[in-house]
Amino acid sequence: MNQWTLAGLLMMFGVAGCTEGPASSESESDAEPAGPAAPEVDQAAVYLKDVPPSPDPWRASAEGDLALLKISVKERGFDPNLADPLFKTTPLGHAAWWGQSEAVAFLLANQADPDLAYGDPWTTPLHMACLWGHDEVAAALLEAGVDPTVREESGGLPMDYLRISKEDTMEIAKAFQAPFSFEAIQTGREEIRKLLP
């Protein structure tokens, strides 16, 4: 599955329809507009060469394989801001999704842009860290200066991802075969809430 599927699932479950967090007493007609759904942000270019890089920096990021990631970026000069052709996700996006905090730190130290959006429709590494409760990843991204007010393409803020219900979170995890436990996700989300302004 790819980011398009994730965005579709999030829209279907509705980041706006989260079951956690404060309930509003305003009627929908009285509510203020949520703001622009898709602000202008820099988006990752997709790697388009016929021959894939070796070693694969996206897989190394997802698996937290620092040895292969270092070969790819440091020795072979791979640009860590390029998205893979299949999922259209940057190495930083893959590392954030899977909670690979050491890979995130390495990529940030090697010119990975923490605010660079990726995917179709696009999202950011901070959104994914918030979705899965990867507090160490969120902390590294915030320390690197990521903007926590950037909305992803469907309009959600990173903070919105902290309020996605257990049912919806685990449905997304199941769809992506992500082996995360909701208890660990919630613990991480609580820590991330403390970090966000």
- Within the range 164-179, the count of residues that are within 17 Å of Glu190 (Cβ to Cβ) and either touching a strand residue (DSSP E or B) at 6+ places or on another chain (Cβ under 8 Å) or crowded, with 19+ Cβ neighbours inside 10 Å (or both) comes to 2
- Item | Residue identified as farther than 20 Å from Gly64 by Cβ, at pLDDT 95 or above, of a type in the set (Lys, Arg) and buried (at least 19 other Cβ atoms within 10 Å of the Cβ) among Arg189, Arg151, Arg193 | Arg189
- Item | Of all residues in the range 28-47 being part of a loop (DSSP other than H, G, I, E, B) and at pLDDT 90 or above, the one that is farthest from the chain's Cα centre (by Cα) | Tyr47
- List pairs: first in the range 154-181 and closer than 12 Å to Gly133 by Cβ and modelled with pLDDT under 95, second of a type in the set (Gly, Ala, Ser) and part of a loop (DSSP other than H, G, I, E, B), Cβ under 8 Å, 6+ apart or cross-chain? Phe180/Gly133
- Task: Scan the range 103-113 and give yes if some residue there is under 22 Å from Ser181 (Cα atoms) and crowded, with 24+ Cβ neighbours inside 10 Å, otherwise no.
- Result: yes
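Residue by residue, here is whether (1) in contact with a Ser or Thr (Cβ under 9 Å, 6 or more places away or on another chain); (2) modelled with pLDDT under 85; (3) assigned to a strand (DSSP E or B) holds:
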{"residue": "Ala7", "(1), (2), (3)": "yes, yes, no"}
{"residue": "Leu10", "(1), (2), (3)": "yes, yes, no"}
{"residue": "Gly21", "(1), (2), (3)": "no, yes, no"}
{"residue": "Ala105", "(1), (2), (3)": "no, no, no"}
- Message: Whether any residue in the range 128-148 is touching a Phe, Trp or Tyr at 6+ places or on another chain (Cβ under 9 Å) and farther than 22 Å from Glu63 by Cα is what I want to check.
- Response: no
- Do we have Arg189 as in contact (Cβ under 8 Å) with a residue 40 or more places away in the chain, farther than 23 Å from Val41 by Cβ and within 14 Å of the chain's Cα centre (by Cα) here? yes
- For Met128, all conditions in the list (1) surrounded by fewer than 23 Cβ atoms within 10 Å (Cβ to Cβ); (2) not in a loop (DSSP other than H, G, I, E, B) hold save one; what is the number of the exception? (1)
- Query: Just a yes or no: is a residue in the range 69-77 within 19 Å of the chain's Cα centre (by Cα), surrounded by 15 or more Cβ atoms within 10 Å (Cβ to Cβ), modelled with pLDDT of 70 or more and among the basic types (Lys, Arg)?
  - Reply: no
- Message: Could you go through the range 88-99 and let me know if any residue there is at pLDDT below 95, over 12 Å from the mean Cα position of the chain (by Cα) and closer than 27 Å to Glu171 by Cα.
- Response: yes
- Note on the structure: Reported set for the range 60-79 where residues are part of a helix (DSSP H, G or I) and either more than 13 Å from Leu92 (Cα to Cα) or free of Cβ contacts under 8 Å to residues at least 24 places away in the same chain (or both) is Ala67, Leu68, Lys70, Ile71, Ser72, Lys74, Glu75
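The values are calculated or read from the model by the stated rules, or taken from the named source; none is laboratory data. In this text, all values refer to a predicted model and were calculated from it rather than measured experimentally. As a convention, Cβ positions derive from the backbone with ideal geometry for all residues, glycine included, and neighbour counts pool all protein chains shown.
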